[in-house]
Amino acid sequence: MIRILIADDHALARSGLSAMLGVQPDIEVAGMAADGAEAVTEASRLRPDVVLMDIRMPMLDGIEATRRIRAQADAPTVLVLTTFDLDQYVYEALRAGAGGFLLKDAPPGQLAEAVRTVAAGQALLAPAVTRRLIERFLTVPPGGGRALERLTDREREVLAHVGRGRSNAEIAQALHLSEATVKTHLSRVLTKAGLRDRVAAVVFAYEQGLVRPGETRR
C-alpha cells in the first residue's frame, strides 16, 4: 500500500485528488495539508511514501516545503503538481529534491501511475523534459566545483551523456561499453556528487557546465 500526503491550499483540489486516488486499491490517502508549513509537519508525523505538492501555497511555498521534507530522515518522495507545462518554479523544485512533476489536469489514471512510479524510486521526469526546463530557466551555469573534480574522466563522460538525455543503452553504444558498466559509472557519479537520481544528475550536468543550455542531443 502506497501512503500519500496531499498538500494544496485549495480545498476542492485536495478533495478532488483524494477522491481520484482513494479509489485505487494500492494507494491510501494518509492525510492532507493546506499549506507548505503544514505539509512539512504532516510529512514528519504521518511518514507517507509520497507527498503530492502544490508549488504556490501560503505560509511556506512548495519549493521550501519540498526542501525541508527531503531533509527529513527517511524522507518521502515529493511529486510536484503544477498548472503550467514549463513553470519556472518546477526547476527550483527539482533542485530542492522533488522526484518529478505532473500537470494538475492529468487524467486520474496518469496521476495514479505517477504516484506508483515515484513510490518505486523512479524519477517521473524524463531527462529530455528536464533538459527543456533547464534550457529555458538556467541562464548561466556556475561552472565546475569540487564534486565534479571527484569524478573520473569516464564518469564525466557518462554524466555529460546523461545530461543530454541519453539512455543507458545509447551511452553504452556511444562509449563502447556494456550497459552494466554504464550503470556502474552512473551509480558512482550519484554517490560522489551526492545526487539522489538521474533527474538530479541531469540538473547537475548543466549546473557544472558539462552540458550547455541549447545544446543539441547528440
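Every residue in region 40-73 that is of a type outside the set (A, V, I, L, M, F, W, C) and more than 16 Å from the chain's Cα centre (by Cα), please.
T41, E42, S44, R45, R47, P48, R56, P58, D61, Q72
For M57, only one of the following conditions fails: (1) part of a loop (DSSP other than H, G, I, E, B); (2) without any contact (Cβ under 8 Å) to a residue 24 or more places away in the chain; (3) farther than 23 Å from Q122 by Cα. What is its number?
Exception for M57: condition (2).
The rows are residues; the columns are (1) at pLDDT 90 or above; (2) not in a helix (DSSP H, G or I).
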site: S44; (1), (2): yes, no
site: A75; (1), (2): yes, yes
site: F84; (1), (2): no, yes
site: E92; (1), (2): no, no
site: L102; (1), (2): no, yes
site: A106; (1), (2): no, yes
site: V115; (1), (2): yes, no
site: V118; (1), (2): no, no
site: L124; (1), (2): no, yes
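Among the residues of region 25-54, which ones are without any contact (Cβ under 8 Å) to a residue 40 or more places away in the chain and either in contact with a Ser or Thr (Cβ under 6 Å, 6 or more places away or on another chain) or farther than 19 Å from A119 by Cα (or both)? Break it down stepwise before answering.
Taking region 25-54 and keeping what is without any contact (Cβ under 8 Å) to a residue 40 or more places away in the chain, we get 25, 28-45.
Passing the criteria: V29, A33, A34, D35, G36, A37, E38, T41.
Within region 187-205, can one find any residue that is loosely packed, with under 15 Cβ neighbours inside 10 Å, at pLDDT below 90 and not basic (K, R)?
yes
Test each condition in (1) part of a strand (DSSP E or B); (2) buried (at least 17 other Cβ atoms within 10 Å of the Cβ) for Q24 and report the one that comes out false.
(1)
Within region 169-186, count every residue that is assigned to a loop (DSSP other than H, G, I, E, B) and buried (at least 16 other Cβ atoms within 10 Å of the Cβ). Please lay out each step first, then the result.
We begin by selecting, within region 169-186, every residue assigned to a loop (DSSP other than H, G, I, E, B); these are 176-178.
Then keep just the ones that are buried (at least 16 other Cβ atoms within 10 Å of the Cβ); that gives 177.
Residues in region 169-186 being assigned to a loop (DSSP other than H, G, I, E, B) and buried (at least 16 other Cβ atoms within 10 Å of the Cβ): 1 in total.
In region 46-70, how many are of a type in the set (A, V, I, L, M, F, W, C) and at pLDDT below 90?
Number of matching residues: 3.
Looking at region 18-36, is at least one residue in contact with a helix residue (DSSP H, G or I) (Cβ under 8 Å, 6 or more places away or on another chain) and either modelled with pLDDT under 90 or among the polar types (S, T, N, Q) (or both)?
Yes, that holds for at least one residue.
Please specify each residue of region 64-123 satisfying the condition of being closer than 21 Å to E207 by Cβ and among the hydroxyl-bearing types (S, T, Y). Steps first, answer last, please.
First pass over region 64-123, keeping only residues closer than 21 Å to E207 by Cβ: 64, 66-67, 70-71, 78, 80, 86-101, 123.
If the condition is that a residue be closer than 21 Å to E207 by Cβ and among the hydroxyl-bearing types (S, T, Y), then T66, Y89, Y91 are the ones that fit.
Conditions: (1) at pLDDT 75 or above; (2) part of a helix (DSSP H, G or I); (3) hydrophobic (A, V, I, L, M, F, W, C). L151 meets all but one. Number of the miss?
(2)
The values are calculated or read from the model by the stated rules, or taken from the named source; none is laboratory data. Predicted model, so just to flag it, every value in this text is computed and none were measured. Glycine gets a Cβ as well: all are built from the backbone with ideal geometry, and neighbour counts include every protein chain shown.
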